[in-house]
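Heads up, the thing below is written out as structure tokens.
The values are calculated or read from the model by the stated rules, or taken from the named source; none is laboratory data. Here the structure is a predicted model, which means the values were calculated and not measured. Note that each Cβ is placed from the backbone with ideal geometry, even for glycine, and that neighbours are counted across all protein chains shown.
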Amino acid sequence: MKYKYTIFKLLFVFIATVCNEALAENDKGEDKQEKKNDIKIDPETLTLSIYDDSNGESGALVSQEKPKYSLKIGGWVKLNAIYDFNGIGPNPYPGFMPVEIPTDPTENAMNRSFHMNINQTRIWVDSYLESKTFGTIKFYLEGDFLRTTNNNLRLRHAFIEVNEKLIIGQTWSTFSDGEALPLNVEFEGPASLYADWGPQIRYSDKINDRFSYQVALETPTANITRLDSLVTEDPSKLNARPKSQFPNVVGKLRYSHKRGFIHLSGIMKDLRYYDIKGEVQNDIAWGAQLSGALNVAKNTKVYFQGIYGKGIASGISGFYYFNYDATPNIQKTNLEALTAMGGYFALEHRWSPKVFSNIMYSVQRIDERELLEDNDYYMGHYFAVNTFYNPIERFEIGFEYNYGIRLDADMSQGDANRIQTSVRYFF
């Protein structure tokens, strides 16, 4: 059902008028020949409505039929309430990460706390235009308030998509797979999840009804640990700096089936730095990932992922806070990319149209334990079980239990237990 909003409509009428006048002014400088604007927004035919689509998204929709144009504004407000029994201490961040678990027994036992936050609150703008020249043009902008000081807005996604094939801007890495991710109450999800994003140019297309592919050039990342241990004994004199000369090259192959999909992804990137003598130390990083989601029975779905590679740890959720892409090898006096591996498996079951549950397990680790120091994070185990309930439209309540184990290079370990609940309203 559509509702007219006079004030909002007047605002969009004003914006559309200004845009059309700017386009008309631009045409005056063209050669003296008849030319019509490919895209024209007619203020008189704009309508404003509230919408809910089949994907569960909702928001305010401004649209026009001829030429087809729409502007969606939506998001959600989410409150998290967290109680840590041990392990992860007072932390306003709503993620549960094994890397944050202390291995010192005294510190671990003292970390019992309760806190709440709204940092996962999110807002987005989604716009579509039908152009005779370029086809469907999509603009998407999204932000939240995580990992910022004073609850400032953080940019997550900002990109333009042409004909569902070409993406230019910032979004999830093509190596990531959000489609194969089970729903969590806590923010981070499985410890082996590859959750990197950044500026990129991506092209997608179909091979046939079952197979499709994506290829991309993405902003390079190089996170190298303990550079000073190789170039100088005095960190104050450290001049070494990570530097990449080439973009990351990423590809993904998709197989679609009536029961779900499977993705096979690959990535290559350049790892290098200039040492204190100005000499280049470098290594090639690469990774492979198999992921997907399949309906295995009525109302039951499985999610899975396996990841392996050298120099890709900085994109894996469990290694976010460590520069584990590479480290100097003192014996060989060169840069060595570290091997990261992991995976997760999750089972989702829908008990009714309004209630569903997930159970999941994930593990990730670094292979070259001998290159790490004794108290360096080496391996993590992650377990979660949750239930979500949608009592009314646009309203969601979630409850989750998390358990994690951290192991350091010297095989000392610590564990953590958490219960977390959330209330989310979609607008």
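Miscellaneous remarks
- The requirement of being farther than 30 Å from Ala293 by Cα, of a type in the set (Asp, Glu) and more than 28 Å from the chain's Cα centre (by Cα) is fulfilled somewhere in the stretch 361-370, by at least one residue.
- Among the residues of the stretch 339-376, just one is surrounded by fewer than 17 Cβ atoms within 10 Å (Cβ to Cβ), of a type in the set (Lys, Arg) and farther than 30 Å from Pro391 by Cβ, namely Arg369.
- With respect to (1) within 30 Å of Asp205 (Cβ to Cβ); (2) modelled with pLDDT under 95; (3) hydroxyl-bearing (Ser, Thr, Tyr), the lone exception for Thr339 is condition (1).
- Residues within the stretch 175-212 that are charged (D, E, K, R) and closer than 30 Å to Asn117 by Cβ, tallied: 5
- Subset of the stretch 247-273 that is among the aromatic types (Phe, Trp, Tyr) and either at positive phi or crowded, with 17+ Cβ neighbours inside 10 Å (or both) - its residue that is modelled with the lowest pLDDT: Tyr273
- Tyr382 vs. criteria hydroxyl-bearing (Ser, Thr, Tyr), in a strand (DSSP E or B), within 17 Å of Pro98 (Cα to Cα) and out of contact with any Gly (no Cβ under 6 Å at 6 or more places or on another chain): no
- In the stretch 294-311, residue modelled with the lowest pLDDT [restricted to those that are within 21 Å of Gly266 (Cα to Cα) and small (Gly, Ala, Ser)]: Gly311
- Neighbours by Cβ (under 9 Å, 6+ apart or cross-chain): first from the stretch 152-164, closer than 16 Å to Thr121 by Cβ; second of a type in the set (Lys, Arg) and outside any strand (DSSP E or B): Arg154/Arg147
- Looking only at the stretch 274-293, and only at residues there that are more than 17 Å from Ser256 (Cα to Cα) and hydrophobic (A, V, I, L, M, F, W, C), the one that is modelled with the lowest pLDDT: Ile276
- Residues that are touching a residue at least 24 places away in the same chain (Cβ under 8 Å) and buried (at least 18 other Cβ atoms within 10 Å of the Cβ) within the stretch 391-404 comprise Glu396, Gly398, Glu400, Asn402, Gly404, listed in sequence order.
- Some residue of the stretch 315-337 being exposed (fewer than 15 other Cβ atoms within 10 Å of the Cβ), without any contact (Cβ under 8 Å) to a residue 24 or more places away in the chain and not charged (D, E, K, R): yes
- Among residues of the stretch 192-209 that are within 29 Å of Ala346 (Cβ to Cβ), those with a Cβ under 6 angstrom from a residue that is of a type in the set (Phe, Trp, Tyr) and buried (at least 21 other Cβ atoms within 10 Å of the Cβ), sequence gap 6+ or separate chain, pair up as Ser192/Tyr344; Tyr194/Phe175.
- Residues that are aliphatic (A, V, I, L, M) and either surrounded by fewer than 16 Cβ atoms within 10 Å (Cβ to Cβ) or farther than 15 Å from Glu336 by Cβ (or both) within the stretch 278-314 comprise Val280, Ile284, Ala288, Leu290, Ala293, Leu294, Val296, Ala297, Val302, Ile307, listed in sequence order.
- Filter pass, Asn386 being among the polar types (S, T, N, Q) and either modelled with pLDDT under 95 or closer than 16 Å to Ser317 by Cα (or both): no
- Within the option set Asp367, Asp374, Asp415, being in contact with a strand residue (DSSP E or B) (Cβ under 6 Å, 6 or more places away or on another chain) and closer than 30 Å to Ala109 by Cβ holds for one residue only, Asp415.
- Those residues of the stretch 107-153 which are of a type in the set (Ser, Thr, Tyr), out of contact with any Asp or Glu (no Cβ under 7 Å at 6 or more places or on another chain) and either more than 27 Å from Gly87 (Cα to Cα) or surrounded by 16 or more Cβ atoms within 10 Å (Cβ to Cβ) (or both), in sequence order: Ser127, Tyr128
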